[in-house]
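To start, the structure under review is shown below, and the notes come after it.
The values are calculated or read from the model by the stated rules, or taken from the named source; none is laboratory data. All figures in this text were calculated on a predicted structure; none of them were measured in a lab. Cβ sites come from the backbone with ideal geometry, for glycine too, and all protein chains shown count toward neighbours.
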Amino acid sequence: MNIYKSIFYHHWLMISRNVSRNKNLLNIFVKVMNIIFIESLIFLCGFYFIPVLQSVTNADPAIILNQFIYMILLSDLIIRSIVKHKIPSFLPYLTLNIRKKTLAHCILLKRMISIPNLSYCILIVPIAFQFFVPVYGLLSALHFLICMILIAVNISILSLYIKLLSEWLIQLFLILITLISLIQWLIHPIKFSAKPILLDIMLSRPFTPVILTIYLITGILLCRYHLKNRLYVDSTNLFPVYKNKLNIKFMNKIKSKSVLQYLNVCLLLRNRRPRSLLKGTIFLILFTICALALFTLFLNRRQDLNESEPWVLLMIFIIQSAGFIIFEGLFFLLFYNPFFEGLMTRPIQLSTIFHNQYYLYISSVIILSLISLPLLLILNIHILTFLLFVLYNVGINSLVILFLSTFNIAKANLNKSIAFNYEGYGFLQYFAMWAVIIIPAGIYTGLKNTLGKPWTFTIFALFSIAGIVFHRNILSLIIKRTAKHKYRMIALFNGNEV
Amino acid sequence: MVINIRGLEKKYKPLFQLYLPQLQIPSGQIFGLVGNNGAGKSTLLKLVLDLIRADKGCIYSGNKRVDKSEVWKTYTGSYLDNHSLIEFLTPEEFFIFIGSLYNLSNRNVFLRLGMFRDFFNNEILNQNKYIRDLSQGNRQKTGIAAALMINPRVLVLDEPFNMLDPRSQLILLNLLKKYNYDFGATILISSHNLNHMTSLCHRIAILEKGSIVSDEMTSKEQIQEYEQYFTN
């Protein structure tokens, strides 16, 4: 037991002593906020939609709730399979008198007592008591609660198992399953003829927790077997990584004229941290596409939408074309930090790096908007507004994000297993991420309510075009700022205090 | 290319202070820096490369101040530590990248890398490995080769012998001597290896707590003096 305690204590020390205590407390705060925010958003949106759906479909709320729980569990599995969790470094323990089985148990325990699982409990308890006790009684509610918690732990073990087998293939498979089920859902928006099977099982079958526990034990045994086989000094990471040779051959085929663009592509594809942000971006864009489809087809409120332009819709428009620059761009200089010193001693101008990055951003905005456009044309909602926000993302947001990226001053390891590895991720990045989405949507709505739609369009378009026309001047200001703070950045990138 | 240091001061809290009132390294000289850990050798080299800002004073490379103009980058090659490498590239990709910054075609890059055949010992090129997957010594070899490959007129190396095996150390020693002889490059080098330093450098300075306590042209007898100095 002492070994377990020591390893968990070391894990805590690893977090709290990584750079400096204060910064890491901020990071932990950001992490907890993110998880609670995302999960509560999913839950609350879901429960908010139940009465709305009921009014639209006249369906039984139990059936709607059943579909909702099914959706939650599927999306939870996908999110956890895509998102990576920090695992305590096991290498120092391998030469000590600790059995590999113990280390594998530590990893599994850490996995089960994770923040998402705890937040699951926090969120599901009030829901169970609020919704189930009045209708089904206390015993059924408790039964439901135990089942949900067991499913959550099962999901965390299953997602670990998925990652231990093959990171990419199974994630691709999960995304495909989701897309197929979504397409089915879109074709037959509300097909609620079935019984609420899932809910029925969780409320009335007494053996469900036993079966779930058996599943859990099987999952734990399988994971333990795989973990024990991976615990060797020469394994750089517990999870399978890209095959180097394939990647190198693939990259050799891409003959980029710009060496910097080539460097950026390598940076994105070959390092865990940027790669998982890229995956997150793809996931988010898929999510916004689903949300758009929900707005129009699922709720069948296209008429209302064409008149009102809700704030959330504007935010979706911004994310759809600027997803990449928001999630990758904010960390642009952070990603350069492991070789920033090297670049600074070569004859490469900062202006070249920034211009190069700017052109990468605007190309990504254009490519993403072209991908989203067919769906918007099919749904036929606010094409002009979407195009206006594409223009805004090219003219203003890309420059704003480039400017914000110059505030990357923390040390970060690119190849550390990540997302939710918040090295170099502070308050600024956290709030900036939301600000570049929420503020333009807010300003647009405010202007539209006061000046009317034509004036709002004119003002937004004029500012965006001004951003495009004067991008060189604005970039030179950003470059000047970076040049001025170069020494501080180099020191902080090396992990030194300034 | 002459390197001139005037009234240079760099303070680190709470005790360390690098202070060099006057130091000139003539063109074509191999200038060695030796000193205990924390003496300020790497700090001085970083100041020469404009990677940290001096509190006072300035450094001239040629007739340009390194913190005011970036012309020095076009003729300076350097390798300090792993931060000079882009670890997610393969060595070949890294050399091509560096070459492109100095307008070298791919063919020229590989022609120039020919001179490092012995140094690489078939462990760097065509291995289908990223730099991060190479051993420490091979990473160091990659960085040193990338610095030398561009035929710089000023070469800055921080402890280049540290991670290398004895054979590679000797090859590097000869490479640097030959490079200095052929191209007349100014070389700034820091190391703890007194034998190599006395064999390689024209002039050696001892740094102690941020100040130069000895600065002399190298002779065969000097190695005993240095050994005595560091023993005491």
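Give the residue that is nearest to residue B:48 (Cα to Cα), with candidates limited to residues of segment B:63-81 that are surrounded by 18 or more Cβ atoms within 10 Å (Cβ to Cβ) and more than 8 Å from every other protein chain (Cβ to nearest Cβ). Across segment B:63-81, the extreme among qualifying residues is B:66.
For (1) in a helix (DSSP H, G or I); (2) within 12 Å of chain B (Cβ to nearest Cβ); (3) charged (D, E, K, R), each residue gets a yes or a no:
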position: A:456; (1), (2), (3): yes, no, no
position: A:460; (1), (2), (3): yes, no, no
position: A:463; (1), (2), (3): yes, no, no
position: A:467; (1), (2), (3): yes, no, no
position: A:474; (1), (2), (3): yes, no, no
position: A:477; (1), (2), (3): yes, no, no
position: A:480; (1), (2), (3): yes, no, yes
position: A:483; (1), (2), (3): yes, yes, no
position: A:490; (1), (2), (3): yes, yes, no
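The lone criterion from (1) buried (at least 22 other Cβ atoms within 10 Å of the Cβ); (2) modelled with pLDDT of 85 or more; (3) within 13 Å of chain A (Cβ to nearest Cβ); (4) under 21 Å from residue B:148 (Cβ atoms) left unmet by residue B:47 is number (4). Being closer than 24 Å to residue B:178 by Cβ and aromatic (Phe, Trp, Tyr) is the requirement here; does residue B:94 meet it? Here the answer is yes, as residue B:94 does meet what is asked. Scanning segment A:317-341 for residues that are of a type in the set (A, V, I, L, M) and touching a Gly at 6+ places or on another chain (Cβ under 9 Å) yields A:322, A:334. Scanning segment A:341-360 for residues that are at the interface with chain B (Cβ under 7 Å from one of its Cβ atoms) and either part of a helix (DSSP H, G or I) or among the β-branched types (Val, Ile, Thr) (or both), we see that the one that is surrounded by the fewest Cβ atoms within 10 Å (Cβ to Cβ) is A:348. Scanning segment A:250-274 for residues that are modelled with pLDDT under 75 and at the interface with chain B (Cβ under 10 Å from one of its Cβ atoms) yields A:251, A:252, A:258.
Okay, residues lined up against (1) away from chain B (no Cβ under 14 Å); (2) over 30 Å from residue A:489 (Cβ atoms); (3) crowded, with 19+ Cβ neighbours inside 10 Å:
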site: A:309; (1), (2), (3): yes, yes, no
site: A:314; (1), (2), (3): yes, yes, yes
site: A:334; (1), (2), (3): yes, no, yes
site: A:383; (1), (2), (3): yes, yes, no
site: A:392; (1), (2), (3): yes, no, yes
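Let's see how each residue does on (1) within 14 Å of another protein chain (Cβ to nearest Cβ); (2) within 17 Å of the chain's Cα centre (by Cα); (3) within 18 Å of residue B:209 (Cβ to Cβ); (4) free of Cβ contacts under 8 Å to residues at least 24 places away in the same chain:
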| residue | (1), (2), (3), (4) |
| --- | --- |
| B:9 | no, no, yes, no |
| B:24 | no, yes, no, yes |
| B:41 | no, yes, yes, no |
| B:55 | yes, no, yes, no |
| B:59 | yes, yes, no, no |
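If you go through segment A:220-249 and keep only what is more than 9 Å from chain B (Cβ to nearest Cβ) and either part of a helix (DSSP H, G or I) or modelled with pLDDT of 80 or more (or both), you end up with A:220, A:221, A:222, A:223, A:224, A:225, A:226, A:227, A:228, A:229, A:230, A:246. Within segment A:329-362, the set of residues being without any contact (Cβ under 8 Å) to a residue 60 or more places away in the chain and closer than 16 Å to residue A:285 by Cβ comprises just one member, A:361. Of the helices (runs of 4 or more DSSP H) lying entirely inside segment B:149-232, those containing at least 2 residues that are in contact (Cβ under 8 Å) with a residue 40 or more places away in the chain and among the aromatic types (Phe, Trp, Tyr) span B:222-231. Among residues that are part of a helix (DSSP H, G or I), modelled with pLDDT of 70 or more and assigned by TED's automatic domain parsing to the domain that holds residue A:128, residue A:159 is included.
Within segment B:83-131, the residues that satisfy the criterion of being polar (S, T, N, Q), surrounded by fewer than 18 Cβ atoms within 10 Å (Cβ to Cβ) and within 14 Å of chain A (Cβ to nearest Cβ) are B:100, B:103, B:105, B:106, B:126, B:127, B:128. Residue count for segment B:132-153 satisfying the condition of being surrounded by fewer than 23 Cβ atoms within 10 Å (Cβ to Cβ) and more than 11 Å from chain A (Cβ to nearest Cβ): 9.
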